[in-house]
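Working notes, beginning with the structure itself.
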Amino acid sequence: MDLPADFIQHTRQLMGEELYSTLLQGLSEEVPVSIRVNPFKCTNDFSIPLKDREVPWCQYGFYLQHRPNFTFDPLFHAGLYYVQEASSMFHEHVIKQLIAEMDSNDLRVLDLCAAPGGKSIAIRSILPDDCLLYSNEPNRNRAQILLENLLKWGHPNVVVTNNYARDYQKAKMLFDIIVADVPCSGEGMFRKDQNAIQEWSWQNVEKCWKLQREIISDIWPCLKPGGFLVYSTCTFNEKENEENVNWIAKELGADFIPINIQDEWNITGSLVDHHPVYRFIPGKTRGEGLFVAVLRKHAHQEETKTTPPRMATLKVMTYEPAIVNGKKKDIPNHAQALSIRFNREDYPNVDIDYRQAICYLRKEAIVLPAETPRGIVLLTYHHIPIGFAKNIGNRANNLYPMEWRIKSTHIPEYETILELAQPHIDGGHKED
């Protein structure tokens with residue numbers, strides 16, 4: 001791996017020879033592959049044929065033996081699992097501890113820089129059911145991807161927004177926990193993304209640490225006194241990491257909060273001081289580069305005055321069903337099929353095979369069994385909902401979202417990633 005000279009010089013000095021050598025060894029190794037299983041949709045027994053071992057800091061995280069072609073797995077599109085880098089799953093462990101310390105079932109949480117959605121999925125999976133999660137992404141295109149991934153995960157208590165931190169401040173929103181995985185120079189993604197190496201420069205590091213402080217300053221009034229900020233980056237240098245969280249603690253008013261970890265996880269602490277921070281370094285920890293620190297806002301700081309929140313000032317992302325034949329009124333929202341609250345008895349169910357499922361996910365017309373009722377039907381794969389179709393007899397109009405479709409015409413040999421012991425039938429779900 002051809003690393004920038006400035007990066008080599010600075011990182012070797014920061015880490016010391018032994019840790020830097022460990023990093024170089026890690027960067028030369030194959031990228032680990034890991035998935036997070038959806039506990040809302042896999043409540044029955046399941047197995048993972050490709051499993052290597054569990055991710056130790058994540059209850060539903062698993063390393064795989066190799067990287068399969070996830071695009072061609074209908075269960076991936078149905079939201080039964082999410083492909084997530086293992087180090088990032090540490091956010092689940094962090095949020096679990098914070099929830100326990102707050103001892104409340106009425107929490108409001110903000111994932112400030114959320115796309116493509118892995119952190120929000122982790123947070124939503126462990127929040128008390130009635131808590132509300134705001135999942136935000138400033139970039140419009142990335143916000144669309146965020147919305148898609150959260151809709152597939154299926155939990156309804158999520159609000160996806162497309163705003164900057166200052167917009168939340170103007171909206172006078174207040175949160176118990178704010179997760180800020182801020183934009184960074186991306187050093188921790190060198191092994192995974194060749195473009196991260198090509199785009200790296202010390203000038204960009206300087207730009208990033210300043211932007212990170214601006215983002216945190218803008219969102220700080222939205223954190224309740226006594227609330228928690230989870231600050232993270234996917235980079236190695238101390239300017240974007242230790243120096244920034246020290247600045248937050250000193251200038252904005254916060255205390256560092258230690259997180260309980262196990263020695264065998266091989267997480268590295270601070271490289272410049274003794275504050276409790278958590279570094280994931282390839283070669284030492286099985287995952288990509290990650291830095292996490294948790295700070296608690298001083299309780300004596302004043303809350304924003306008691307004017308009510310102005311949600312109308314936020315841009316809320318919603319999924320709109322596509323128009324078919326110029327009509328919408330009889331077409332269900334695709335998100336309905338993927339929701340864990342969906343009552344399957346509302347529509348006739350048709351279970352389709354693998355090739356039919358891939359054709360459906362490619363937005364192609366499919367032919368259903370002759371006995372299928374006319375009108376809207378719910379298509380399932382292994383009895384898991386994947387979407388709606390409108391059966392007109394000789395064929396079925398495909399109602400899968402055009403923007404979500406599989407664009408490849410290739411159908412590879414299917415490699416089973418997740419096996420369910422039995423159909424998932426929970427609450428309003430019923431097998432026909």
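The values are calculated or read from the model by the stated rules, or taken from the named source; none is laboratory data. The shown structure was predicted, so the numbers you read here are calculated from the model rather than taken from an experiment. All Cβ positions, glycine included, derive from the backbone under ideal geometry; neighbour counts span all protein chains shown. Calculation scope for accessible area: heavy atoms of the full protein, side chains included, ligands and nucleic acids excluded. Shrake-Rupley method; radii C 1.70, N 1.55, O 1.52, S 1.80 Å.
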Relative to the Cα centre, what is the charge dipole magnitude of the stretch 180-269, using +1 at the beta carbon of each Lys and Arg, -1 at the beta carbon of each Asp and Glu, and rounding to the nearest 20 debye? 200
Hypothetical label at R67: residues of the stretch 189-215 whose amide nitrogen lies under 14 Å (7 Å Cα-Cβ projection): 189-196
Between 0 and 90 degrees, rounded to the nearest ten: what's the tilt of helix 90-102 against the longest Cα principal axis of the chain? 80
If you average the C-alpha positions of the stretch 162-179 and of the stretch 74-103 separately, how far apart do those two centres end up, in angstrom? 22
The stretch 225-240 - phi-based ³J(HN,Hα) in whole Hz, Karplus 6.51/-1.76/1.60, Gly and Pro as x: x, x, x, 10, 10, 9, 9, 8, 9, 10, 9, 9, 5, 6, 5, 7
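For the chain, calculate the relative contact order in percent as a whole number, restricting contacts to Cα pairs under 8 Å that are 6 or more residues apart. Numbers along the way, then the final one.
Working: 864 pairs, mean separation 77.9, N = 432.
It comes to 18 percent, rounded to a whole number.
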Does the stretch 180-278 come out rounded, prolate or oblate by the C-alpha gyration tensor, with a ≥ b ≥ c the root eigenvalues, rounded set by a/c under 1.5 and, if not, prolate when a/b is larger than b/c and oblate if not? oblate
Restricting to Cα pairs below 8 Å that are 6+ residues apart, what does the relative contact order work out to for the stretch 255-297? Please round to a whole percent. 41
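Let me know the charge dipole size of the stretch 163-220 about its Cα centre in debye, to the nearest 20, where only the beta-carbon of Lys, Arg (+1) and Asp, Glu (-1) is charged.
Numbers: 8 positive and 9 negative charges, 25 e Å.
Its charge dipole is roughly 120 debye.
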Members of K51/K152; K41/K170; K170/K250; K170/K327; K239/K297; K192/K315 lying beyond 26 Å, as alpha-carbon distances in this model show: K41/K170; K170/K327; K192/K315
Once you have a ≥ b ≥ c as the square roots of the Cα gyration tensor eigenvalues for the stretch 71-141, tell me rounded if a/c is under 1.5, and otherwise prolate or oblate according to whether a/b is larger than b/c. prolate
Which value, in debye to the nearest 20, gives the size of the charge dipole of the stretch 1-156 about its Cα centre, when Lys and Arg are +1 and Asp and Glu are -1 at the Cβ? 440
Positive-end residue of N237, L107, N394, charge dipole of the chain with Cβ unit charges: N394
Using a Cα-Cα cut-off of under 16 Å, which lysines could be cross-linked to K96, ignoring same-chain neighbours fewer than 8 residues away? K119
Per residue, what accessible area does the stretch 103-212 have, given a 1.4 Å probe and all protein chains present, in Å²? 38
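Can you pull the percent of Cα pairs in the chain with separation above 31 Å?
Details: 40731 of 93096 pairs.
Taking all Cα-Cα pairs of the chain, the fraction more than 31 Å apart is 44 percent.
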Using alpha carbons only, how many degrees (0 to 90, rounded to 10) separate the axis of helix 5-15 from the longest principal axis of the chain? 70
Global geometry of the stretch 1-108, whether rounded, prolate or oblate, following the gyration tensor of its Cα atoms and the 1.5 cut on a/c: oblate
Got a sec? Charge dipole of the chain, +1 on Cβ for Lys and Arg, -1 for Asp and Glu; which of I35, L132, W200 is way out at the positive end? L132
To test your reading of the geometry: what angle, between 0 and 90 degrees and rounded to tens, separates the Cα axis of helix 202-219 from the longest principal axis of the chain? 70
At a probe radius of 1.4 Å, what is the per-residue accessible area of W404, in Å² to the nearest 10? 20
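How high is the relative contact order of the stretch 143-266, in percent, counting Cα pairs under 8 Å that sit 6 or more residues apart? Could you put the intermediate results ahead of the total?
Working: 122 pairs, mean separation 37.1, N = 124.
30 percent.
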Given the protein chains as shown and a 1.4 Å probe, how many square angstrom of Y354 are accessible, to the nearest 10? 40
Label point distance in nm, D263-H410, each placed 7 Å from Cα along Cα→Cβ: 4.7
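What ranking do 275-281, 331-337 get when scored by the average of other Cβ atoms within 10 Å per residue, highest first? Don't skip to the answer; put the middle values down first.
Details: 275-281: 21.9, 331-337: 19.1.
In decreasing order of mean packing, 275-281, 331-337 become 275-281, 331-337.
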Coordinate range along principal axes, alpha carbons of the stretch 1-64, Å, largest first: 51, 19, 18
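Taking every pair of alpha-carbon atoms in the stretch 56-189, give the share separated by more than 17 Å as a whole percent.
Values: 5431 of 8911 pairs.
Beyond 17 Å sits 61 percent of the P(r) for the stretch 56-189.
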